[in-house]
1. A:T132: open to solvent by less than 80 Å² (accessible area, probe 1.4 Å), closer than 23 Å to A:D97 by Cα and polar (S, T, N, Q), yes or no?
2. Looking at segment C:141-159, which of its residues are assigned to a loop (DSSP other than H, G, I, E, B) and open to solvent by 70 Å² or more (accessible area, probe 1.4 Å)?
3. Can you find a residue in segment A:410-433 that is out of contact with any helix residue (DSSP H, G or I) (no Cβ under 8 Å at 6 or more places or on another chain), in a loop (DSSP other than H, G, I, E, B), within 20 Å of A:F371 (Cβ to Cβ) and of a type in the set (D, E, K, R)?
4. Do the conditions hold for C:E275, that is, is it away from chain B (no Cβ under 13 Å) and open to solvent by 40 Å² or more (accessible area, probe 1.4 Å)?
5. Go through A:V307, A:V286 for me and flag whichever is open to solvent by 10 Å² or more (accessible area, probe 1.4 Å), assigned by TED's automatic domain parsing to the domain that holds A:H344 and in contact (Cβ under 8 Å) with a residue 12 or more places away in the chain.
6. Which ranges mark the strands (runs of 3 or more DSSP E) fully within segment A:53-127 that have 1 or more residues being surrounded by fewer than 16 Cβ atoms within 10 Å (Cβ to Cβ)?
7. Evaluate segment B:228-244: report whether one residue or more is open to solvent by 50 Å² or more (accessible area, probe 1.4 Å) and either at pLDDT 95 or above or over 30 Å from B:L18 (Cβ atoms) (or both).
8. Name the residues in segment C:25-56 that are small (G, A, S) and free of Cβ contacts under 8 Å to residues at least 24 places away in the same chain, would you?
Amino acid sequence: MTKPPPHRTIAVVLAAGLGTRMRSRLPKVLHPICGRPMLAYVLDAAREATGQRPLVVYSPATAQIRDVFADEADFALQDQPRGTGDAVRVALSSLDDGATNLLVLNGDKPLLVAAPLRSLMQRQMDATAAMTLTTFVVSSNSPWGRVDFGPDGQAERIVERKDDPGRAELSAFHANAGIYAFDLAWLRGAVPRVEPSSASGELYLTQLVEIACKDGCPVATIDATDAAESLAHVKDRGDLARASALLAERIRSGHVQAGVTIQDARSAFIDDTVEIAEDVTLEPNVTLKGVTRIGRDSVIKSGSYVVDSVIGERCTIWGSVIEDSVVEDDARVGPFSHLRPGAHIGAGAEIGNFAEIKKASLGPGTKQHHFSYIGDAQVGARVNIGAGTITANYDGQRKHATRIGDDAFIGSDTILRAPVEIGQGAITGAGSVVTRDVPPDKLAVGMPARIRERRPPPDAPERVATASDTPAPPEDVG
Amino acid sequence: MTKPPPHRTIAVVLAAGLGTRMRSRLPKVLHPICGRPMLAYVLDAAREATGQRPLVVYSPATAQIRDVFADEADFALQDQPRGTGDAVRVALSSLDDGATNLLVLNGDKPLLVAAPLRSLMQRQMDATAAMTLTTFVVSSNSPWGRVDFGPDGQAERIVERKDDPGRAELSAFHANAGIYAFDLAWLRGAVPRVEPSSASGELYLTQLVEIACKDGCPVATIDATDAAESLAHVKDRGDLARASALLAERIRSGHVQAGVTIQDARSAFIDDTVEIAEDVTLEPNVTLKGVTRIGRDSVIKSGSYVVDSVIGERCTIWGSVIEDSVVEDDARVGPFSHLRPGAHIGAGAEIGNFAEIKKASLGPGTKQHHFSYIGDAQVGARVNIGAGTITANYDGQRKHATRIGDDAFIGSDTILRAPVEIGQGAITGAGSVVTRDVPPDKLAVGMPARIRERRPPPDAPERVATASDTPAPPEDVG
Amino acid sequence: MTKPPPHRTIAVVLAAGLGTRMRSRLPKVLHPICGRPMLAYVLDAAREATGQRPLVVYSPATAQIRDVFADEADFALQDQPRGTGDAVRVALSSLDDGATNLLVLNGDKPLLVAAPLRSLMQRQMDATAAMTLTTFVVSSNSPWGRVDFGPDGQAERIVERKDDPGRAELSAFHANAGIYAFDLAWLRGAVPRVEPSSASGELYLTQLVEIACKDGCPVATIDATDAAESLAHVKDRGDLARASALLAERIRSGHVQAGVTIQDARSAFIDDTVEIAEDVTLEPNVTLKGVTRIGRDSVIKSGSYVVDSVIGERCTIWGSVIEDSVVEDDARVGPFSHLRPGAHIGAGAEIGNFAEIKKASLGPGTKQHHFSYIGDAQVGARVNIGAGTITANYDGQRKHATRIGDDAFIGSDTILRAPVEIGQGAITGAGSVVTRDVPPDKLAVGMPARIRERRPPPDAPERVATASDTPAPPEDVG
């Protein structure tokens, strides 16, 4: 026995059609599903099955695809929409040497996984076939093309529904899933022989079945009925919605089996790119998007919407929007707060309601309980930020920074006109407008604020000024 | 052949019952479904099928109906709850001349559409029948009345479940859908012959089948099994919930097929009265109510609740409540903002978080990024509204207006005591309380605010005052 | 005939297993479902069926159970995880005298109700059996243990799936639901005879069937197929999610049939502990948790999250979070407001958007329409609380109280430095910082605020000061 030649299979993914039934200007395969473009899932499955970088056939109408997936695939341009047979012809001219087999599949199958592709490749090799079709059993009223088998059980041709009046008499049939394996050498010879359809003038890949039969070359089939869900393609937005629902369910099930409590599966919206640790609880109506990680024992309560953020362990996030931010262990946020990009919330910090934080770090144990805006700021540990506090960070031309030292006490309705620094242990009076730096352990009061001594001094037990005729620095940590 | 006389069919909609199984003081047919009272859908179907204004039979207990639908139907009052037969008697006395046929149906069928009514009318005319019944096939344990056919295949009577012990032996039967067509001339003679039920003393419409048979008049039937979903009636709140879910699904499917991306069908709550353009994206958990329109390419993100409002093209609405307002093209709102009735947001304007706007217009490009309240105001273009800004529009007795010119700069925590006008290009200092008009290009600072020159002057590159010992107008556009 | 001896049945609930397939450190039976630990539902069913306090068998790994249910059950500690047979042995040693029968069931069946337990107890008594098994019919691929019946129709043994290769040939079989009744006297003698499983070394309760048969004692069965849903047990988080969904649906259906309108069943999240009156409307996406009551005719609009609170009649709650608070009749709250623990909202009061209230009572008709924070306060009737108002209730060491009299007028951006009292009918100027009490009908303006006369006096029609050069008290009730 001689050793068989090494096989190398490249997946060709067809994505030249805009998908007019989607009624959209966005190419169909770029429509997002659970946080990623539809095509991403197909490329994942193709790459996982073949171990090779896939080749995507695109068209001028779908040129955006090339930009989006530049790092993940090779590309071949089909200039004219001349059908799937023509698309494969284009792919052949772009293939490098060394491939022995091709997988050909459409880019509109976001539910596809590697397993049926692997089975198909294996079948193709076992049968040393010219081509292998993936089939699955459907009921007679299904719109899929039917695989017509000859007396010897070999597939002889694909019969489209409109050419198949006898189909209604069947109770079920083997449908062509539109996922093929080809012997590359044979394919190079066969593709030029595909003839244009008399109806549309396009070249159809399915004609290759008849060409192989004419040549006496083996055409194999493999049944993938048990993976039928993964074979569905998306033609219109109804299909898109169904595929999204199925994929979302797959993602949720994975998390649940890994130890996440999802109180209401139907309202947990989790992107494919999200990681969630064990013993995390998701209340109903939670959205987790993008590159987001949730740490162990955290609770994400209703109405939360977290994008591209890292949440630590034992955190509570409630009804808040968090974008491109970090929340460290044991912190809590919400309800009704908004961490805008660049917020960094320290361990054990407490963000209450109606708080807005942008490009700002808050140290461990710091409290921002009420309505207030902290932007472009570095805030130390154990700081109290009073209700109504505003970092006035913009002078009409540029943004300026605010720094607040550890243990500082920012009184209600304080305006911090940046650039400004509040020293460690300093206090600002309620309603003050702070326009100059406040040294450590001093008190700033008034509008504009003037600097005074704290009375009693910081080391006394009664650490907050209560002078009767000056605005004292009452606080409202809530 | 003589030309048949012109037909004119009037729909009589029975709505005299309060619907006690609903456990509500609101008449059953006024319970809302997808933003409209249940009866509205029935009247739509009736009007569309007949081309005529329907006639609604109501009762003292359901008199509210008359107010709600005054413009859409004629009305006849059934004084006493004496059954469906009596209700039709009342209707007959209110009909104007010229009608040749009647459709009779109950008002508690919100899923009804015109198609089965049209088929019924056609069948009635084709059969020149005294009356025509709509039937549909149900399984033997169904509670519906059963149509009993004679040996000649003509309906002979309706057998209610309690009088129909043999029903259990059937596997299925033809149910009476409770939707009838009548020859009006025949009906006028037949209705007085209906006799009270021995059990309830009420007059039942179904008795007319037997009367017609006794007279030897043809009783036709038409099968509407393929429209069975639309025949369901609402008896209790469980039925109401099911009907609502089905109608909601119809509405959503319509939008999806028309090119709207609905990321999660189960949490898109869209009234029957809403219009959505192509390529709009709805994230999960979005409510669109009343007379609302969403323009092309807009994205409605999670948590948004839009009522009676117009949203332009390419807008982003996020987690905000918008009532009776207009948002122009390219504007964005939210998360956590509230447009109360009468807000008008200009093209490209940016409303951030915790912003409240009421009876106020904001010009193109204006920014209100943070917590603040703008009410009873006209705000120009490219204005910056600082965090904490408040239009103090109420003096305890009346509301007063605020006007802000183009390119003005409203400092953080400014209070604008209305009536007041801020001139074009003017600036208010952080924390200022503005009680008098500010001329164009001036600076107002302090509490109460005094007018100063802007330093440097407005045409200088450094346009914002920075005088060291006065509260400068720092801003926080965020 | 002699009178049968009085029966007394005690339910033994097995809860010694941690439930490792849950992948959690929390004991399985403590995982919450619809607001209560899973075990609570089982104890309810057991108590309702037997009329007796149940006995829970726990282990060192599940010792938390004892703390959580201290008031609701008796407890027996199983030191070592030696199987269900051993658990019953432990239970027997803890039982007081006087019981004649035992119910034995697992604590991981949260859907259980009293009815099948009652049927089981009745069957046990009617049959004067040694033990009675609850069975239900399942299809052949079910993982449940199969009850093997002898030629006389008596159960002879339980065959686990792995020992039951012939099962696949059956189309269906009687499964052992794992809920048993025992004659206590017989059980005391039989339990010591259970032998360790050769595979695991554990003692299995199911062996008692064979022991009874060997003894010639009657083993009865009762079929509970019609209650099959209630027999499901929770092994992993997938089961937990399914049980939660079913229980949630039961709870919702109960409310709907009692006259509550739930606009979208799938997004109404209602704990088992919530009471809702007739003619209440729940919009989509509403969460009602803990000991919460909603009064008649109230409307709970989308996004509301109510915990441990009482809402009166004819209230409107919109998109707000309410914790441990009371809202009286005809009040409205929201959208985007937060009642923190201890808020008490008077009849007809109006809480608008971005309002935060904590440990504070607001009198009837009081308005807090905009962003503001009221904490540790008593607010009278018909008070207007301006936008931006802050009760500065914390001095860095202690919380202090604020009192506001009836008909007072709190200007926009007022800071109330507690402890402080605003007299009846008093007014605070916009932007004022109030550090001392304001007598009735006086005006406080400035920072710190000084007391002035209201001009014109309070009994004049024009009641609000308008002095041209002082900050007047403009208001923004919105």
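1. Yes.
2. C:N141, C:P143, C:P151, C:D152
3. Filtering segment A:410-433 down to residues out of contact with any helix residue (DSSP H, G or I) (no Cβ under 8 Å at 6 or more places or on another chain) leaves A:410-433.
Then keep just the ones that are in a loop (DSSP other than H, G, I, E, B); that gives A:411-414, A:418-419, A:423-426, A:429-432.
Okay, now just the ones that are also within 20 Å of A:F371 (Cβ to Cβ), so A:411-414, A:418, A:429-432.
Then keep just the ones that are of a type in the set (D, E, K, R); that gives A:413.
Yes, segment A:410-433 contains at least one residue that is out of contact with any helix residue (DSSP H, G or I) (no Cβ under 8 Å at 6 or more places or on another chain), in a loop (DSSP other than H, G, I, E, B), within 20 Å of A:F371 (Cβ to Cβ) and of a type in the set (D, E, K, R).
4. Values: away from chain B (no Cβ under 13 Å): yes; open to solvent by 40 Å² or more (accessible area, probe 1.4 Å): yes.
Taking the combined requirement at face value, the residue satisfies it.
5. Matching residue, one of A:V307, A:V286: A:V307.
6. A:74-77
7. Within segment B:228-244 (the criterion being open to solvent by 50 Å² or more (accessible area, probe 1.4 Å) and either at pLDDT 95 or above or over 30 Å from B:L18 (Cβ atoms) (or both)), the answer is no, since none of the residues qualifies.
8. Listed by number, the list holds a single entry, C:G51.
The values are calculated or read from the model by the stated rules, or taken from the named source; none is laboratory data. Given the structure is predicted, the values throughout are model-derived calculations rather than measurements. Note that we place each Cβ from the backbone using ideal geometry, even for glycine, and neighbour counts take in every protein chain shown. We work out accessible area using only protein heavy atoms, side chains counted, and drop any ligands, DNA or RNA first. Shrake-Rupley method; radii C 1.70, N 1.55, O 1.52, S 1.80 Å.
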